[in-house]
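Student: Mind looking over this structure? Questions follow.
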Amino acid sequence: MKSPISSWNVANRLKKCRLLIAINTIAALSIFFFGYDQGMMGGVNNAKDYIDLMKFGHTATVNGSPHTPVITNSLLQGGIVSVYYLGTLIGALFGGWIGDRIGRIKSIALGSIWGILGAGLQCSARNHVWMIFVIARLINGFGTGILNAIVPVWATETAEHTSRGQFIAIEFTLNIFGVVVAYWLEYGLSYIDNGASAFRWRFPIAFQIIPLLILFGAVWFFPESPRWLVKMGRDQEARFILARLRGDEGEDVSRAEAEFQDIKHVAELEKTLSYSTSYFSMFTGRGSGKLHIGRRVELVVWLQIMQEWVGIAGVTIYRMQVLTDHSPDAPTIFRIAGFGVMKSQWISGLNKIFYMVENMISTLICVFTLDRIGRRWTLYWGSVGQEIAMFLAGGFARIAINATNAGDASKASQFGAAAASMIFIFTFLTVPWLYPAEIFPLAVRGKGNAWGVVGWSVGNGWLVRIILETLPSCSIKNAKGIRNQTLLCPVMFDSIGEKTLYVFAISNVITIPMVWAFYPESNQRTLEDMDLLFAADSPWAWDAERTFAQLKHENPNFAQATAQLKNGELDEEAGKLQVAASKEMQKSSN
């Protein structure tokens, strides 16, 4: 039989595991860009030519180190950084909308183009007006938002339900690698012309164009999501791609066909529903009836915000930056350990590698745990590990500070290094990007995942990044101005120093009952199962699990159970679905 897809599509040559690995590789390239883009601005903000050009400060020789940044307008510097996160928020909302309309592949290509345009505008910038008001940073963030909204959806819709978590976890190892590449590239460029060259900041910004060009050129050779194809009525293509993904020989054929039929039944049922799919309706849950879309939106937004509150971004920067106040003698963790300015920068690079290794270990742990012990237990153990590590890091930092004040350099070195070397179990890095891509109905899956990116943008922008990205290049002399900012994290660092780590530790404690109470387990359940999982009217996770079990038990035929769910009411005490009259059905839908 002739292939219904283009002859140059890799799905014609690869199948099953090899095809899934190829898709995962392309998805990981997008995640690498995401990580690189996050880590890039820290080094750019240290470049002499960039500081002079943007006019938010100048450089001076401090303690024998030439071209040390002295920031006179931290608001301008922070504004250039923060507008990127506004772009990711807008881009995510647009990406979710367009991804459900034109498909995953075209949306990824579109996000790549916007990212390339934004990078080009940034690396050719002549002043801060160019960066902010010509919206170079906003455009770059816009492209990132589109990719973040669609790439995880594409990956989860092609993976098997038994290995979705594994594939997403593997992809996010590249996120950490991107951060490290950004740091070391900028560190190496700092030696060109003693750090005064424009090449030091223009090239790192332009470098992100390379993975985006590869992504744009390669993604056209990859198969579209079979679920999106079914939704659009392109059944022949969907059946073929699904057969290539699951196997087209022996028992694989019937398994792939059964999955195709489940997808098709759900897609047809969703077309009969009369609820609004606008972002406003999704957020409020208006008219979604037993689908409870509003509840799902709230869960994914708060899961991403929780990711920031447990301290992942804050502690990453903190362990290499400010420990106490911002006075001229305020030590960084490495300065507490007895290292000078230049050596501290080099050690920071080594610490970035250590950060990459421990985070890769954490994400690799997720590779083996997410599809075995589930999303909930992975978050539990991650919270416990991070909680212990942050309490210990805070204690070690205080001991080192006291030793420094007492003149005990040896003790300060020991405990300062211990504080800087704490291992943080960042399982929160993976699950918040996986869960939103899993739990929404096919009709709004792109938009649903976009809500997760919105939560990330809000949490990442408001709590940590907007100001902390400016800390590496804020002169200690001027950093008192940060007090005037309303963002919480820098205020905590400025006011309570290392005790901020205790706040993060306590936040980790709080997340455990939150996940236990409100987040039902999505592991080992198909994407089509999710409507049943969120069918209960109660927000409690145990009610969701009980209702799901009842629906599956009373209606072993999956399509029948889903049809009844979407056209009737659930009698939870009897454990049965009772189809209501058409008038009542319409009332429930509205």
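The values are calculated or read from the model by the stated rules, or taken from the named source; none is laboratory data. Computed from a prediction, not measured in an experiment: that's the story for all the values here. Reconstructed Cβ throughout: ideal geometry from the backbone, glycine too, with neighbour counts over all protein chains shown. These accessible areas exclude ligands, DNA and RNA; they are computed on the full protein's heavy atoms, side chains included. Shrake-Rupley method; radii C 1.70, N 1.55, O 1.52, S 1.80 Å.
Student: Say whether the condition of being part of a helix (DSSP H, G or I), among the small types (Gly, Ala, Ser) and crowded, with 23+ Cβ neighbours inside 10 Å is met by at least one residue in the range 208-231.
Tutor: Within the range 208-231 (the criterion being part of a helix (DSSP H, G or I), among the small types (Gly, Ala, Ser) and crowded, with 23+ Cβ neighbours inside 10 Å), the answer is no, since none of the residues qualifies.
Student: Next question, about the same structure. Checking residue 440 against (1) at pLDDT 90 or above; (2) of a type outside the set (Lys, Arg); (3) assigned to a helix (DSSP H, G or I), which test does it fail?
Tutor: (3)
Student: Output the residues belonging to the range 72-89 that are touching a Phe, Trp or Tyr at 6+ places or on another chain (Cβ under 6 Å) and either among the aliphatic types (A, V, I, L, M) or at pLDDT 95 or above (or both).
Tutor: Once the filter is applied, which keeps residues that are touching a Phe, Trp or Tyr at 6+ places or on another chain (Cβ under 6 Å) and either among the aliphatic types (A, V, I, L, M) or at pLDDT 95 or above (or both), the range 72-89 yields only 76.
Student: Additional query: Hey, does the range 263-272 have a residue that's within 28 Å of residue 453 (Cβ to Cβ), of a type in the set (S, T, N, Q), open to solvent by 10 Å² or more (accessible area, probe 1.4 Å) and not in a helix (DSSP H, G or I)?
Tutor: Looking through the range 263-272, none of the residues is within 28 Å of residue 453 (Cβ to Cβ), of a type in the set (S, T, N, Q), open to solvent by 10 Å² or more (accessible area, probe 1.4 Å) and not in a helix (DSSP H, G or I).
Student: So for the range 376-399 (the condition being part of a helix (DSSP H, G or I) and farther than 23 Å from residue 505 by Cβ), does at least one residue qualify?
Tutor: no
Student: For the structure I just gave you, tell me whether residue 188 is open to solvent by 30 Å² or more (accessible area, probe 1.4 Å), at pLDDT below 90 and assigned to a helix (DSSP H, G or I).
Tutor: Yes, satisfied.
Student: When the residues of the range 152-198 are filtered to those that are under 27 Å from residue 60 (Cα atoms) and aromatic (Phe, Trp, Tyr), which remaining residue is farthest from the chain's Cα centre (by Cα)?
Tutor: Going through the qualifying residues, I end up with 191.
Student: On the basis of being small (Gly, Ala, Ser) and either in the same structural domain as residue 179 (by the TED database) or free of Cβ contacts under 8 Å to residues at least 60 places away in the same chain (or both), does residue 217 make the cut?
Tutor: It is true that residue 217 is small (Gly, Ala, Ser) and either in the same structural domain as residue 179 (by the TED database) or free of Cβ contacts under 8 Å to residues at least 60 places away in the same chain (or both).
Student: Let me ask something else. Out of (1) under 29 Å from residue 169 (Cα atoms); (2) surrounded by fewer than 23 Cβ atoms within 10 Å (Cβ to Cβ); (3) at pLDDT 80 or above, what's the single condition that is false for residue 399?
Tutor: Every condition holds for residue 399 apart from (1).
Student: Can you find a residue that is open to solvent by 40 Å² or more (accessible area, probe 1.4 Å), in the same structural domain as residue 217 (by the TED database), small (Gly, Ala, Ser) and over 19 Å from the mean Cα position of the chain (by Cα) anywhere in the range 128-148?
Tutor: For the range 128-148, residues open to solvent by 40 Å² or more (accessible area, probe 1.4 Å), in the same structural domain as residue 217 (by the TED database), small (Gly, Ala, Ser) and over 19 Å from the mean Cα position of the chain (by Cα): absent.
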